[in-house]
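A.B. asks: Below is one structure. I have some questions about it.
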Amino acid sequence: MNNFTPYSALLGGIMIGLSVVLYFYTTGRLAGVSGIVENAITKKTNRISNILFLLGLVLGPILYCYAKEPLAIALTLPDHSFTITDSYPLVIIGGLLVGFGTRLSGGCTSGMAYVASADYRLAL
Amino acid sequence: MNDKVISLLCGVIFSLGLVVSGMTNPSKVIGFLSITHNWDASLMFVMGGAILIFAPFFYFLKNKEVSTLGMKIELPSKQEIDKKLVIGSALFGVGWGLVGLCPGPSISALTSPGISGFAMFDPIILIFLFSMAIGMLVNQNLVQKTIQNKN
């Protein structure tokens, strides 16, 4: 198995779990990102909170970029820096399918995989 | 702390988890989805870690009526396995496999470390996000409304 990185994956998963717990405990809502994006675009209720959550998703990696070197050494994190070389049509088709599919089924990876399975649900 | 501060904080923690785990890295995701060829099973541990933390909390919290900030606990009603779920999940899977980005990571990928080591701000990710938003709007305005009218 190439590039197997179970520890950083588990650590990241625990952080995602903590975020979902904190969000649910305080706001009473489940942090499924596709739902938050859809609500931020189409619904007025909790719009500012939803937009702030999405802003947090953008700010986190910037913080990580600055804390990366000392953190990565201390926690022996693998380097996940990347580049995207896909063609524009491929990215557009992928984006359309991801947006359409997640909302048709009612949940994306975070909603379905993390939240639904914690509640022994088949779907959100 | 109000729900706006909490939302921002939760977004930050969530995205740090995404970056640390490798979920924002499309080639890592493609490696995870290619189960028949040089399978990299790492991302299974992301799901494991998240469920490990969330499941016990959820068990105790789900029967409460209001959250600690006094907001109504909003749980979706149990959904049956229907055509929408199966077709939607399959289409999502195709899109995820094509590019290697799903909703959360696609937003965080915008500022995730690129090969230079710093936030990449790659316009191709904006194109992905824009297409994703269009896909969501098409579902809501065409498909969901048609289904509602049928019923």
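A.B. asks: Name the residues whose placed amide hydrogens come within less than 5 Å of the amide hydrogen of A:F82, ignoring near sequence neighbours (fewer than 5 apart) on the same chain.
C.D. replies: B:G114, B:I115
A.B. asks: What spacing in nm lies between the two simple spin-label points modelled at B:A41 and B:D82, each 7 Å away from Cα in the Cβ direction?
C.D. replies: Label at B:A41, label at B:D82, 3.6 nm between them.
A.B. asks: Another one. Across the residues of B:120-128, average count of Cβ atoms on other protein chains within 10 Å?
C.D. replies: Shielding by partners across B:120-128 averages 5.
A.B. asks: Cα atoms only, the protein assembly as shown: Rg and Dmax in Å?
C.D. replies: Cα-based Rg and Dmax for the protein assembly as shown come out at 17.5, 58 Å.
A.B. asks: Could I ask something else about it? What average number of partner chain Cβ atoms lie no more than 10 Å from the Cβ of the residues making up A:32-39?
C.D. replies: Mean partner-chain Cβ count within 10 Å for A:32-39: 6.
A.B. asks: Could you sort the peptides B:14-25, A:90-101, A:68-79 by per-residue average Cβ neighbour count (10 Å cutoff), highest mean leading?
C.D. replies: Averaged packing, sorted descending, gives the order B:14-25, A:90-101, A:68-79.
A.B. asks: If you find the alpha carbon centre of region B:68-124 and of region A:38-103, how far apart are they in angstrom?
C.D. replies: 8 Å
A.B. asks: With θ set to phi - 60° and the Karplus curve 6.51 cos²θ - 1.76 cosθ + 1.60, what are the ³J(HN,Hα) couplings of region B:115-127 in order, to the nearest whole Hz, using x for Gly and Pro?
C.D. replies: Calculated HN-Hα couplings, in order: 5, 6, x, 10, 3, 8, 6, 7, x, 5, 6, 4, 5 Hz.
A.B. asks: Right, here's the next one. Among the complete DSSP H segments of chain A, which ones combine at least 27 Å of alpha-carbon extent along their axis with a mean Kyte-Doolittle hydropathy of 1.6 or more?
C.D. replies: Once both thresholds are applied, nothing remains.
A.B. asks: Of B:K84/B:K145; B:K72/B:K150; A:K44/B:K150; A:K43/B:K64, which ones are farther than 20 Å apart at the Cα?
C.D. replies: The pairs that break the limit, which is 20 Å between Cα atoms, are B:K72/B:K150; A:K44/B:K150; A:K43/B:K64.
A.B. asks: Rounded to whole Å and sorted largest first, list the principal axis extents of the Cα atoms in chain A.
C.D. replies: 42, 40, 30
A.B. asks: Charges only on Cβ, +1 for Lys and Arg, -1 for Asp and Glu: so what's the dipole of region B:63-145 about the Cα centre, in debye to the nearest 20?
C.D. replies: Magnitude of the dipole: close to 200 debye.
A.B. asks: Calculate for the protein assembly as shown the 222 nm mean residue ellipticity that helices alone would give, adding -39,500 (n - 2.57) per DSSP H run of length 4 or more and normalising by residue count, nearest 500 deg cm²/dmol.
C.D. replies: About -20000 deg cm²/dmol.
A.B. asks: Would you work out the charge dipole size for chain B about its Cα centre, treating the Cβ of every Lys and Arg as +1 and the Cβ of every Asp and Glu as -1, and quote it to the nearest 20 debye?
C.D. replies: 380 debye
FYI, it's all coordinate maths here, none of it is from the lab. It should be emphasised that the depicted structure is a prediction, and the values quoted were computed from it without experimental measurement. FYI the Cβ positions are ideal-geometry reconstructions off the backbone, even for glycines, and counts take in every protein chain you see.
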